[in-house]
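Worksheet: the structure to be examined is printed underneath.
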Amino acid sequence: MNDISGPPLLFDRRAARQFRRRALSAGFPDFLNDVIGAEMADRLSEILRDFATVLIHRARPGSLVGKLRQARPASRFIISDVVSNADAELVIDEEALPFAPQSLDCIIWIMGLEQLNDIPGALIQIRRALRPDGVFLAAALAGDSLMELRYSFIAAESEMAGGVSPRISPFVDIREWGVLLQRAGFALTVADADRLTLRYADALALMRELKALGLSNPLVSRRRSLSRRDLIARVAAHYAERYADADDRIRATIEIVYLTGWAPHESQQQPLKPGSARQRLADALSTREIILKSND
């Protein structure tokens with residue numbers, strides 16, 4: 001009997017781990033990890049408090065880890081990943097975290113949340129693993145990431161097969177990320193995004209880099225019936241027609257959402273109760289209050 005409980009399985013997690021393992025073993029320069037690592041280091045430096053135990057998940061060897069160890073020598077750092085690598089002390093299942101409740105003071109998660117089948121469940125587990133007033137910092141692909149490649153696949157497959165199947169992973173919108181943090185029980189949540197426009201010689205160069213970075217598509221439902229060579233050729237042609245600049249190089253959009261959430265604690269600032277304001281908004285804005293009559 002098949003178990004139909006739980007969230008739908010959008011992603012092949014075994015394939016995702018294989019892509020990650022292949023990327024790490026190839027040692028391809030990961031510019032996204034460098035960009036995100038620098039941003040994470042800056043964000044953590046703005047938090048003026050100590051964290052006894054810090055988990056860093058999915059950082060490329062030597063990128064973020066060294067900076068944080070130097071900046072916070074008193075902290076104990078635990079390095080984890082979904083596959084074995086040179087720096088990882090712990091290999092974990094991202095959808096079944098092994099951490100005891102309230103065992104970590106800070107969790108830094110670099111990419112990968114966007115390819116989980118149960119993002120709300122993972123966020124709840126992360127929040128439970130944090131001690132009260134612990135902080136969660138994360139980065140994930142979001143929103144319009146790779147929209148040009150997605151539309152080019154849709155156009156090519158519609159033309160060749162009369163229908164389409166998912167070829168590019170769906171990405172959660174930045175506003176929905178904020179909602180997910182709140183649903184998971186985080187306090188003082190923040191979700192903001194950086195939008196990058198990358199340029200490549202052609203769509204084939206883009207796809208080669210995505211593969212090298214371990215960002216190949218792990219969707220369960222991707223179609224395999226079409227000849228890959230013929231399909232990719234049409235995708236590249238559509239991409240060049242729609243998204244090439246004057247110098248014939250193509251554009252690719254990457255949107256990175258940065259997430260911040262705190263495990264609740266009584267010392268944190270609390271929202272005021274409705275009706276507790278001591279000053280009229282009209283007075284604060286130096287304007288005249290207009291009371292609307294009810295239609296009842």
Checklist outcome for this item: Taking region 94-109 and keeping residues of a type outside the set (Gly, Ala, Ser) and either over 19 Å from residue 22 (Cβ atoms) or in contact with a Cys (Cβ under 6 Å, 6 or more places away or on another chain) (or both) leaves 95, 97, 98, 99, 101, 102, 104, 105, 106, 107, 108, 109
Checklist entry - Before we move on, is residue 154 β-branched (Val, Ile, Thr), assigned to a helix (DSSP H, G or I) and farther than 21 Å from residue 56 by Cα? => result yes
Item to check | Those residues of region 172-199 which are among the aliphatic types (A, V, I, L, M) and under 14 Å from residue 255 (Cα atoms), in sequence order | outcome: 172, 174, 191, 193, 196, 198
Checklist entry - For residues in region 99-128 being charged (D, E, K, R) and assigned to a helix (DSSP H, G or I), which is surrounded by the most Cβ atoms within 10 Å (Cβ to Cβ)? => result 127
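Within region 8-84, considering only helices (runs of 4 or more DSSP H) that don't extend past its boundaries, which have at least 1 residues that are crowded, with 18+ Cβ neighbours inside 10 Å and touching a Pro at 6+ places or on another chain (Cβ under 6 Å)?
Values: elements: 13-26, 31-45, 64-71.
Filter on region 8-84 gives 13-26.
Residues 226, 231, 188, 210: which one is at positive phi and either at pLDDT below 95 or surrounded by fewer than 18 Cβ atoms within 10 Å (Cβ to Cβ) (or both)? First the steps, then the outcome.
Numbers: 226 fails: at positive phi; 231 fails: at positive phi; 210 fails: at positive phi.
Of the residues listed, the single one that is at positive phi and either at pLDDT below 95 or surrounded by fewer than 18 Cβ atoms within 10 Å (Cβ to Cβ) (or both) is 188.
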Next on the checklist: Filter region 152-173 down to the residues that are touching a residue at least 60 places away in the same chain (Cβ under 8 Å) and among the hydroxyl-bearing types (Ser, Thr, Tyr) and list them by number.
Outcome noted: 152, 169
Checklist entry - Could you count how many residues in region 157-185 are under 15 Å from residue 126 (Cβ atoms) and surrounded by fewer than 18 Cβ atoms within 10 Å (Cβ to Cβ)? => result 3
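The values are calculated or read from the model by the stated rules, or taken from the named source; none is laboratory data. Everything numeric here is computed off the predicted structure, so don't read it as measured data. Cβ: placed from backbone, ideal geometry, glycine included. Neighbour counts: every protein chain shown.
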